[in-house]
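Student: Below is the structure I would like to discuss, written out as structure tokens.
The values are calculated or read from the model by the stated rules, or taken from the named source; none is laboratory data. All values reported here derive from a predicted model rather than from experimental measurement. Counting neighbours? That spans all protein chains shown, and the Cβs are built from the backbone with ideal geometry, glycine included.
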Amino acid sequence: MLINNESFFEQVYEVTKLIPKGRVTSYGAIAAYLGTKQSARMVGWALHSTTAHHHIPAHRVVNRNGLLTGKHHFSSPEAMEQLLAAEGIEVQNNQVQDFDKLFWDPSKELL
DNA sequence: GACATGACGGCAG
DNA sequence: CCTGCCGCCATGT
């Protein structure tokens, strides 16, 4: 996989868009895929820009714990849960159920 | 220009 | 097992 042909943000957008419906991934996974696993925070920041001006399924991206930490940044705190639920992902207490099963690793699946 | 914070993650205690 | 601290990059004050 070629890395760093475009901006870090652009790559985050693409990876996020490639997340299969009904699947979720983590900021760290995306960061690791992009080669900046140490800067998982940047991924979150990138997605922040994404939700504002791009149509990105950012609701499929959660933290390593499977927790919907960023739901508060969506149109509505419930939006993230609703979107995930609409895709068949069970969310309880801001946490993705069966996260380990639904987890989608870009560096593995997208390879 | 410097300090503090943030959609995170890993390691140490 | 749970809590706390550090690192990383960009943005806001």
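Student: Could you identify the single residue in A:VAL24, A:VAL15, A:VAL43, A:VAL62 that is within 7 Å of DNA strand B (Cβ to nearest atom) and touching a Phe, Trp or Tyr at 6+ places or on another chain (Cβ under 8 Å)?
Tutor: Being within 7 Å of DNA strand B (Cβ to nearest atom) and touching a Phe, Trp or Tyr at 6+ places or on another chain (Cβ under 8 Å) holds for just one of A:VAL24, A:VAL15, A:VAL43, A:VAL62, which is A:VAL43.
Student: Another question, if that's okay. Would you confirm whether any residue within region A:2-9 is under 20 Å from A:GLU109 (Cα atoms) and away from DNA strand C (no atom under 13 Å from the Cβ)?
Tutor: Looking through region A:2-9, at least one residue is under 20 Å from A:GLU109 (Cα atoms) and away from DNA strand C (no atom under 13 Å from the Cβ).
Student: Can you name the residue in region A:47-66 that is of a type in the set (A, V, I, L, M, F, W, C) and assigned to a helix (DSSP H, G or I) and is also farthest from DNA strand C (Cβ to nearest atom) among such residues?
Tutor: Out of the qualifying residues, it is A:ALA58.
Student: Looking at A:HIS55, A:HIS48, A:HIS72, can you tell me which residue is surrounded by fewer than 13 Cβ atoms within 10 Å (Cβ to Cβ), within 7 Å of DNA strand B (Cβ to nearest atom) and within 27 Å of A:SER7 (Cβ to Cβ)?
Tutor: A:HIS72
Student: Taking A:ALA31 as the residue in question, decide whether it is modelled with pLDDT of 90 or more, at negative phi and aliphatic (A, V, I, L, M).
Tutor: Yes.
Student: Out of the residues in region A:75-90 that are in contact with a His (Cβ under 9 Å, 6 or more places away or on another chain) and assigned to a helix (DSSP H, G or I), which is surrounded by the fewest Cβ atoms within 10 Å (Cβ to Cβ)?
Tutor: Among those residues, the one meeting the criterion is A:ALA79.
Student: Have a look at A:GLY44, A:GLY28 and point out the one that is within 16 Å of DNA strand C (Cβ to nearest atom), outside any loop (DSSP other than H, G, I, E, B), in contact with a Gly (Cβ under 8 Å, 6 or more places away or on another chain) and not hydroxyl-bearing (Ser, Thr, Tyr).
Tutor: A:GLY44
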